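Below is one structure, written out as structure tokens; comments come after it.
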Amino acid sequence: QVQLVESGGGLVQAGGSLRLSCAASGRTFSRSTMGWFRQAPGKEREFVAAISWSGGITYYADSVKGRFTISRDNAKNTVYLQMNSLKPEDTADYYCAAGRDISGVRVGAVDYWGQGTQVTVSS
């Protein structure tokens, strides 16, 4: 069992930065692939980024590549999403997720979800 709690969301102007954190509890965190998803109002949830259990492999959606960076600290049971050069279209609820591998997580094959944190980017 893994419980995920996101934090770090908020209101930021376009061009600004935010760092989201996801604190995990449970013994399997260090063996889990972790991911971030987002859901904008009226839209379906979409994949943002994923990172392998070791941190050695990352994968990004094209829409955030070069602007967002996913990382993890297994000693702290925490995964991060550094978001730079934010755009109004990045406005969404952001969700942390845990799964078995990147190929699965990036298509939504997730075992655990966090409750989400809201990010609003003003123009």
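The values are calculated or read from the model by the stated rules, or taken from the named source; none is laboratory data. Note that the structure is predicted; figures quoted are calculated from it, not measured. With ideal geometry, Cβ positions are generated from the backbone for all residues, glycine too; neighbour counts draw on all protein chains shown. Surface accessibility is based on the protein's heavy atoms, side chains included, excluding ligands, DNA and RNA. Shrake-Rupley method; radii C 1.70, N 1.55, O 1.52, S 1.80 Å.
The residues in segment 13-34 that are open to solvent by 20 Å² or more (accessible area, probe 1.4 Å) and of a type in the set (Val, Ile, Thr) can be counted, and the count is 1.
Are any residues in segment 111-123 open to solvent by 60 Å² or more (accessible area, probe 1.4 Å), part of a loop (DSSP other than H, G, I, E, B) and within 22 Å of Gly8 (Cα to Cα), and if so, which ones? If the condition is that a residue be open to solvent by 60 Å² or more (accessible area, probe 1.4 Å), part of a loop (DSSP other than H, G, I, E, B) and within 22 Å of Gly8 (Cα to Cα), then Gln115, Ser123 are the ones that fit. Ser54 fulfils the conditions (1) over 15 Å from the mean Cα position of the chain (by Cα); (2) surrounded by 13 or more Cβ atoms within 10 Å (Cβ to Cβ) except for a single criterion, (2). Confirm whether Tyr80 is aromatic (Phe, Trp, Tyr), farther than 22 Å from Ser7 by Cβ and either modelled with pLDDT of 95 or more or surrounded by 13 or more Cβ atoms within 10 Å (Cβ to Cβ) (or both). Answer is no for this residue. In segment 58-69, the condition of being basic (Lys, Arg), at pLDDT 95 or above and over 15 Å from Val2 (Cβ atoms) is met by at least one residue.
The one condition from (1) of a type in the set (A, V, I, L, M, F, W, C); (2) outside any strand (DSSP E or B); (3) farther than 21 Å from Gly10 by Cβ that Phe47 does not meet is (2). Condition check for Gly108 on (1) open to solvent by less than 60 Å² (accessible area, probe 1.4 Å); (2) on the phi < 0 side of the Ramachandran plot; (3) out of contact with any Lys or Arg (no Cβ under 7 Å at 6 or more places or on another chain): one failure, at (2). For segment 83-104, what are the residues that are among the hydrophobic types (A, V, I, L, M, F, W, C) and either at pLDDT below 95 or open to solvent by 30 Å² or more (accessible area, probe 1.4 Å) (or both)? The answer is Ile102, and nothing else.
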